[in-house]
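Inspection log for the structure reproduced underneath, given as structure tokens.
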Amino acid sequence: MPRKPKGPSKSRFVSTVVEIEGRSETRIVELPAFDPAPWTTDSALSIVGASIPRMDAAEKVTGRARYTADITRPGMLFAAILRAPIARGKIRSFDATIAKKLPGVFDLIGPGDAPTKTRLFSNSIAYAGQPVAAVCASSEAAAVRAIHAIVVEYDADPFAVTFESATAPNAPKVRSSGNLYPNAPFIVTRGDVTAGLAAADIVIERVYHTPVALHTALEPHGAAAEWEGDRLTVWESTQGIFRVRADVARALDLPLSNVRVIKDYMGGGFGAKNGAGAHTFIAAVLAKRTGRAVRCINDREGEQIDSGNRPATTQRVTIGAKKNGTLTAIRMIADVPLGISGWEGGPAQIYHELYACKNVHTEETFAFVNASGMQAFRGPGYVEGAFGLESAMNELARKLHLDPLSLRKKNFTKRDPRKDRSYSGNQLPECYEHGARIFGWPKPNTTTRPLAATRMRRGSGLAAQIWPTGGGPPSYAQVRINQDATVDVLVGTQDLGTGSRTILAQIAAESLGAQLKTVRSIIGDTQSLPYTGNSWGSMTTASVGPAVRMAAIDAQHQLFDAAASMLNTTPDTLEARDSRIVVRDTDRSLTFAEVTAALGNVVLVGKGSRGPNPENAAINTFGVQFAEVEVDLDTGIVRVLRIVAVHDAGRIINPLLAASQMEGGILQGLGYALFEERILDPRLGIVMNPTMHDYKIPTMMDVPTIEVSFIAGSDANANHTGARGIAEPAIIPTAPAIAAAVADAIGIEVLEIPLTPWRVLSAIAAIAAAKG
Amino acid sequence: MHLTVNGRVHELRPASAETLLESLRDSLALTGTKLVCDRGECGACTVLLDGEIVYACLTLSAACEGATVTTIEGIAEPDTLAPLQRAFIAHDAAQCGFCTPGQIVAAHALLAANPRPTDADIREAMSGNLCRCGTYPKIHTAIRAVANGEFRTDAP
């Protein structure tokens, strides 16, 4: 047993660095009571690593799974939100007299009616879609009717919805503190880019544009709230129950323990559901005022307009290289309009991380604009940055008449060039080799497929990816062996549709020696479950998995203590498999059920926690994707025929679910490359396509052949399960790979995504014009 | 008015503007059918109305007098899940699961009308059901498997 005595320790609490979506945070961590020996590549595992159907699938295919909008409580009221129709200005008058008198209406809150810290309902409007008032009524239809009966007059002021207008001299003040975040560009430099460019044989200069993309989770943001005295229960569709708890407690001046947040099933998050929002506070405030439970779910237009987005970028990229492809300098200057709020999730980081290059300089200017604020969106910054960096790399290869795959191999870095440290593991070269073989690079092995028409052109392209996926503490778990020998994994995490319920049960079953069918994961309740952080940054497997494994080992140790006396042996002679404890090298054994039956109502609870990350090691997931496309030269329509994706994410806990995540990320990347773009009218300041018809996401008709594979292995240096994350790596290289394939097909690069027919035709026309 | 839902007769008094989706979810507590776009763009509220697929969010309840409705809750067979449901589980054709009820009802209608669909038939029939998790390849595989005779209840 890898269990150390729990003696007094000089340093029970240490600090460690955790990277979340490119941001580094230093955190205090409690050292685990013992360190399980890592699962290495050679560990013989049977449940971990198996393609097991997700354990909550039956609930999903029968409609039994309960999502936040399915929550009902006795006497529950339903809230609707009124949103501002102007981009900037002030409320001149607000008249809710009629609205309050409509049938079914219970309460209405507008400017000045909510506690200050909820930041609800200002008289100042800073973007179109900003909540102005909310009504709760006996039905959703009655609440919506009342919203439309509120009469609001606005004094409209000049606004700035573009980066250019927000940063112009005498620009309207988007925020009173200034239009730049945080008043100066973010500049990161290593080496000497000027010298690097001077030493180059060739210099590529490009300006790339990426659009505002909307998460468009099928389940909108929503919450239900119910008070019992001064205790509040919130049901919320969220990626972070403990963060919602903190947000609500802070906004409503409640002790943390008085707020309970529950999340059972949720219909997607993709980064936009990382804390409480206006809907949460509206539900809580109206529930307090009415003494009833209140549910507040965004309608689709509210969801598309005001629940977060991936901000647009302009990236001015300069790359210098020697004739043989060796990079001498990378420079990237970016403009990023954030919306009314946001953080520095810009495109720069990947420019510093993906390649060996001594001289790298990036500048990002973030501007506040009069539009709904950005939120993290699957691979924030890296998705945008990968489009710029990888597109420029592909152009560099073209100009140098080098194979773009060879160019990447040539500039592979064995150490993290940003912080000059080793990687916990890096099999990017194996991804390149394996992916090229599957795809048939450089000549795809599908070219025998006939063209649909003579006006069609085919092309192939590729792009690479890096993403920080170390995860980290704090994360706690318990594994409970019940009286009937079933096993509960108790952990305050979330399953967004990722499969965390399933993979955590797999880790527990494997570690405990239990049959998987006896194990279930209980998640999503701040009151009864141990703390874990948000499910973001592709971190859940690497953050929570080790805590669950440790808790299962602890539970097994207790079970062995009990079984040893029943078997007249010592615990160190025991091993467990299939819920049976065997005395090693004998035929003496007991089932888990025989042991728990003997124990009566003794319940065994194993405890686990996530230890610190290894010091001074970069923990990343790597990968490459190859794309083959067909372009219609007459219509400009691009069809993606095939994507080959090969990634190195350490140990894969469940290949079936991992492939689903990969396919999902690739398809979101395909949408980002080809159709997805929020249109915000610069003269009106309002979103023109806040529906699922006008904001195009992929359908089954758009799905190419997708071939996903992972490099086998275990990253035992990253954590003792050997697993890293895959959710966000999946989407990062897709758009630049598709764009490269389109450039290959039509003979010219399209510098702005999405690659709509108009943009593709314009590029084709530019070639024709150049030829005269 | 009377409405037969999943084989059970219900008496309803829908408001004039009440949609079938509201009646199912709010009056009958059949919450498997989901509200997503509320305007017939996404397919999450797909149900069968007298055997035809409809968007429940665009169907007025008052116009359904005497009709027979099948929702996701009525797709399973008496003692076991339907072949499509078992295929969706085995092939991991549900990620977050929010679109899944609509996907399964739409696939059910496809196979009822066209038991031997081509891949192009499946893509076209399912193209009105959006999935943001990108589960389409697995959904396609699951439908293909059922169309090929796998997952049948009477299969050995």
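Read-outs throughout are calculated quantities, based only on the coordinates presented, and are distinct from any laboratory measurement. Please read these numbers as outputs of a predicted model, since none were measured by experiment. FYI the Cβ positions are ideal-geometry reconstructions off the backbone, even for glycines, and counts take in every protein chain you see.
Values for this structure:
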{"quantity": "Gain in span if fully extended, residue A:157 to residue A:588, counting 0.36 nm per residue against the direct Cα distance", "calculated": "146.9 nm"}
{"quantity": "Antiparallel content of DSSP bridges confined to the protein assembly as shown, in %, to 5", "calculated": "80"}
{"quantity": "Mean Cβ neighbour count within 10 Å, used as a protection proxy, ranking A:602-608, A:661-667, A:25-31 highest first", "calculated": "A:661-667, A:602-608, A:25-31"}
{"quantity": "Extended-chain gain in nm, criterion 0.36 nm per residue less alpha-carbon gap, residue A:184 and residue A:17", "calculated": "57.5 nm"}
{"quantity": "All lysines inside 23 Å of residue A:696 as judged from Cα atoms, apart from same-chain residues fewer than 8 positions distant", "calculated": "A:273, B:34, B:138"}
{"quantity": "Dipole of chain A [Lys/Arg +1, Asp/Glu -1 at C-beta], most positive-end residue of A:104, A:179, A:608", "calculated": "A:179"}
{"quantity": "Residue-averaged beta-carbon neighbours from other chains (10 angstrom radius) around B:25-36", "calculated": "5"}
{"quantity": "Inter-part distance where the stretch A:718-772 and the stretch A:570-592 are each reduced to a Cα centre, Å", "calculated": "56"}
{"quantity": "Among A:154, A:476, A:515 - extreme Cα towards positive end, dipole of the protein assembly as shown, charges at beta-carbon", "calculated": "A:476"}
{"quantity": "The protein assembly as shown - mean residue ellipticity at 222 nm from DSSP helices (-39,500 (n - 2.57) per run, n ≥ 4, rounded to 500)", "calculated": "-8000 deg cm²/dmol"}
{"quantity": "Partner chain coverage, peptide B:81-93 - average Cβ within 10 angstrom", "calculated": "4"}
{"quantity": "Three-way shape label, the protein assembly as shown, alpha-carbon gyration tensor, a/c 1.5", "calculated": "rounded"}
{"quantity": "Average beta-carbon neighbours from other chains, 10 Å sphere, peptide A:694-701", "calculated": "6"}
{"quantity": "GNM result for chain B, Cα springs below 10 Å: residue of B:95, B:85, B:103 fluctuating most strongly", "calculated": "B:95"}
{"quantity": "Two-site label geometry, residue A:569 and residue A:51: point separation in nm, points 7 Å out along Cα→Cβ", "calculated": "3.6"}
{"quantity": "Check: the stretch A:128-266 dipole with +1 on Lys, Arg Cβ and -1 on Asp, Glu Cβ, in debye", "calculated": "260"}
{"quantity": "Eligible lysines near residue A:607 by straight Cα distance, threshold 24 Å, same-chain separation 8 or greater", "calculated": "A:4, A:6, A:10, A:263, A:517"}
{"quantity": "Dipole moment magnitude, nearest 20 debye, the stretch B:2-74 about Cα centre, only Lys, Arg, Asp, Glu C-beta charged", "calculated": "120"}
{"quantity": "Alpha-carbon centroids, the stretch A:178-234 and the stretch A:295-333: separation in whole Å", "calculated": "7"}
{"quantity": "Mean Cα-pair separation over length for chain A, i.e. relative contact order, pairs under 8 Å, 6 or more apart, %", "calculated": "17"}
{"quantity": "Label-point gap, in nm, between residue A:525 and residue A:445 - each point 7 angstrom along Cα→Cβ", "calculated": "5.1"}
{"quantity": "Gain in span if fully extended, residue A:25 to residue A:398, counting 0.36 nm per residue against the direct Cα distance", "calculated": "130.3 nm"}
{"quantity": "Proximal lysines to residue A:323, defined as alpha-carbon separation beneath 29 angstrom and excluding residues fewer than eight positions away on the same chain", "calculated": "A:358, A:399, A:409, A:410, A:414, A:419, A:443, A:771"}
{"quantity": "Charge-dipole axis of the protein assembly as shown as Lys and Arg at +1 and Asp and Glu at -1 on Cβ define it, positive-most pick from A:490, A:357, A:128", "calculated": "A:357"}
{"quantity": "Antiparallel DSSP beta bridges within the stretch A:159-411, percent to nearest 5", "calculated": "75"}
{"quantity": "Separation between Cα centres of the stretch B:70-96 and the stretch A:73-144, rounded to whole Å", "calculated": "40"}
{"quantity": "Sites residue A:113 and residue B:119, calculated FRET efficiency, Cβ-Cβ separation with R0 56 Å, nearest 0.05", "calculated": "0.50"}
{"quantity": "Total charge dipole magnitude, the stretch A:159-411, about the Cα centre, Cβ charges on Lys, Arg, Asp, Glu only, Debye to nearest 20", "calculated": "420"}
